[in-house]
1. In Å, the Kirkwood hydrodynamic radius of region B:43-266 over pairs of distinct alpha carbons?
2. Go through A:G106, A:V52, A:A260 and say which Cα lies farthest out towards the positive end of the charge dipole of chain A; charges sit on Cβ, +1 for Lys and Arg, -1 for Asp and Glu.
3. Run through the DSSP bridge list for chain C and note the antiparallel percent, rounded to the nearest 5.
4. Divide the volume of the convex hull of the Cα atoms of region C:97-222 by its number of residues and quote the answer in cubic angstrom per residue.
5. Taking region C:1-62, how much of its Cα-Cα pair set, in percent, is spaced more than 13 angstrom apart?
6. For chain B, the longest stretch holding no GluC sites (Glu not before Pro) located in a DSSP loop with at most 15 other Cβ atoms within 10 Å is which?
7. Run the dipole for region B:43-266 about the Cα centre, Lys and Arg Cβ at +1, Asp and Glu Cβ at -1, nothing else charged, and hand back the magnitude in debye, nearest 20.
8. Looking only at GluC sites (Glu not before Pro) in DSSP loops with at most 14 other Cβ atoms within 10 Å, what is the longest site-free stretch of chain A?
Amino acid sequence: MEKIFQKLSLTSATLVFVLLIGIFLTLYSAAKPAIDEFGFDFITNPDWNKEVVLENLDDEAIIDEDDVAIADEDDAEIADEDDVILDEDEMLLDDEDETATKTIYGGLVPIVGTLLTTLIALAFALPIAMGIAVFLAEIAPKNISYVVGIAIELLAAIPSIIFGMWGLYYFAPIISDLFGGYQVSLLTAGLVLGVMILPFMAAITRDSMNTTPAVLKESAYALGATKFEVIKDIIFPYSKVGIIGSIILALGRALGETMAVAFLIGSVFVLPQKITDPTISIPVAMANNFGEASGLGESALFYLALILFIISFAVISLAKFYFLKKAK
Amino acid sequence: MRLLVNKIFLALSILSALIGLAFLGWILATLFLKGLSSFHFSLFLDDLVDGGLRNLIVGQMILAGIASLIGIPLGMTAGIYIQEYGQGRYASLIRDLSDIMMSAPSIVIGAFVYALIVVPTGGTSGWAGAVALAIMMIPVVINTTDSMLSLVPRELREAGIALGASKYKVIIDIVIKAAKVGIMTGILLAFARIIGETAPLLFTSETSNYFSLNLSESFPSLTVSIYDLANEPEESSRDLAWAASFILTVMVLIINLTGRFITRNKK
Amino acid sequence: MSVMKIKKFSFTYAGVDHPSLKSITLPIEKNKITALIGPSGCGKSTLLRSMNRIHDLYPGNKYDGKIELLNEETGKFENILEIKKENEFIKLRQKVGMIFQKPTPFPMSIFDNVAYGLRIAGIKNKTELKDRVETALKGSALWKEVHDRLDKSAMGLSGGQQQRLCIARAVAVKPEVLLFDEPTSALDPISTGAIEELIVELKNDVSIAIVTHNMQQASRISDYTAFMYLGDLIEYDKTENIFLNPKEKQTEDYITGRFG
């Protein structure tokens, strides 16, 4: 019985490992066709679902060269085989239509959209969240801090889809009146995302600030420091690492957020020229196109998912294992 | 001068707290006003096809319920392994990986389950949705179990062993019991989290306008339907989306508060 | 001559019914060391923390009576319990410094730690800062050990060094009174000896009140001793009288180790 229980718990623990590796491998293998086809150019190519006429042979040749250069030998062979098959298909098409085309997918727009919305969200939420955290940790009397603290934590639990709906129907009209442009835009999506991560960021920043020992603060007050000086000179330096970790964790959450952004970003594969232009982010591209996509289009979406997974994996690891561990 | 700087800083901080709270109050007010004005008890009796929400609420509960049935035992046993059996590197590796998975983008989990289940089985299904939610839930349960078990004093375990109980007996009878309240709270918070998830369900369970208990086909989901309804042009669909959002939020908040209440009563 | 006069001072913590201090009357003599002793929970730390009103960081505490501090300029005593304005609090705390149980180095360099109080007091002149930091560090017998690494983080110092740094930091702003709250209870015997020596030297410049659990420490360094028990001041006298010839039976029981 002892043995069985031990084995069982080991199996469950190992499942986590298997799941994470499984997610990576599954995404990779589903993205493989797109990776083989577009290589790393995918990241810098702004065209999504664009028909390219095949007669433009120069273009084709460049892409093929890149493929070979990037992939190692084994992959190169496979890629070549794929190309051969494709070429055959294309010839068939050639016979029928005479104007053979192929569809190009590039990830630049959603990648840029993801980064920009996150940046706007951070720029908006950071000062306010710091203010709330300072208010909760140092200014408010205990009972007010307790009640407001719980309210903030509950708000962090509200499903993100509700932030999206509110943003679209109530917040975006005001913003577009103020700043011009469309109601669905980079700006409104970023701001709503900012509102969404606000309670989360405030709550974990407050927790970090609360790790400052009371006696350290007291000894600064005992030297005649003002509250501002204690916060600036003692609390911030002391809990700096934890606060940075909290901010990065919130950033990780913003990067992967789907629903709060989906309502507002406009969901068009166009590089924004202004902050008030609509565009798209990786999660939204996935949410709105998975259902209809197939073949290379679907694979390109998986390629995007893989990129998002790797970015957020890196960001979260940085926050948790560098900053937050150090803070402990 | 110093005092002035101090005053200005404190005022700014309070101001930003007020701004933040105003935003959040605005959202809640919108939710309650719009939600309550479209709310009607018949929403609980009719299915979406007849303009109600019954099938969606039941469907969402079933999805989250099955996810819990999968996720809780797996998460708890994994948490027990990390805290009680695991030694050194492997246990802390699992702890770290689970920590990362906890913050992984939910849409990516959806894509994973899509490739893993939806594509091979040929279509969206309740099972796929439940599995996606379970994957979201497992790391949260692991985290809770792990940290709650770590709070149980070592002496308690040693006392049990000293009485001649075997290790798993000590874990089940003594350690888990001592950490019960904390673990339950954590599980409730995890449940509250997955019940409000939309992104991992979009292309796994999808949603359905009809009442269904058949998990091998597209399954009614409250959150996915909110997304669909909110994007419809008709005012009535949007009103229904607000009512659904209101019900969803109330559910999430009640579960959340229950969790907090249990912990506080214990203290 | 007294520098501080505590008169019928009572103190009740927020949310508690029972007072932690009941009508305490006690002087703090100028350029002397006054030790506050007594078993845990007797209120000695509470009393000490009232003397610079550090308690007021936490709202809701109630107090009664007077704590009067000598104003060196006017020669008059002023009741510090009447202080309400932020700038008066700051002045009070610059006059009445405090050293805590555990060393509290700030997360900054050694130099900046000692200069901190001076900087916030408005001293910007670099040479003056340097001079005063050096004087304070020399005064707390730390200069030799740290003069070549003033720009290093204070966290790298040993516990005893950190505590002497905190004393230097408090001394640098030239307070009139220094409050020590069990300053050596977290330190090893050698560091404790160094700090005790330092405290005795400091009394040439400041008046000192020290809370201690260690009766030998009180008898070694203090001039006056107050024995407290359950929020009451049981006995106050010259230290030798308290230890050799206590008037109250409770005092005798405590110092002979029968309880506490």
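The values are calculated or read from the model by the stated rules, or taken from the named source; none is laboratory data. Quantities reported herein were computed from a predicted structural model and do not represent experimental measurements. In this analysis, Cβ positions are derived from the backbone assuming ideal geometry, glycine residues included, and neighbour counts consider all displayed protein chains. For accessibility, only protein heavy atoms count, side chains too; no ligands or nucleic acids. Shrake-Rupley method; radii C 1.70, N 1.55, O 1.52, S 1.80 Å.
1. Working: mean 1/r = 0.0533 Å⁻¹.
By the Kirkwood definition, the hydrodynamic radius is 18.7 Å.
2. After comparing all options, I get A:A260.
3. Values: 24 of 41 bridges.
Taking every DSSP beta bridge with both residues in chain C, the antiparallel ones total about 60 percent.
4. Details: hull volume 11.7 nm³, N = 126.
So the per-residue Cα hull volume is 93 Å³.
5. On the way: 1236 of 1891 pairs.
Summing the P(r) of region C:1-62 above 13 Å gives 65 percent of all pairs.
6. My reading of the result: B:1-216 is the longest stretch.
7. Numbers: 14 positive and 18 negative charges, 275 e Å.
With Lys and Arg at +1 and Asp and Glu at -1, about 1320 debye.
8. Values: sites that count: A:E55, A:E98, A:E292.
Between exposed loop sites, the widest span is A:99-291.
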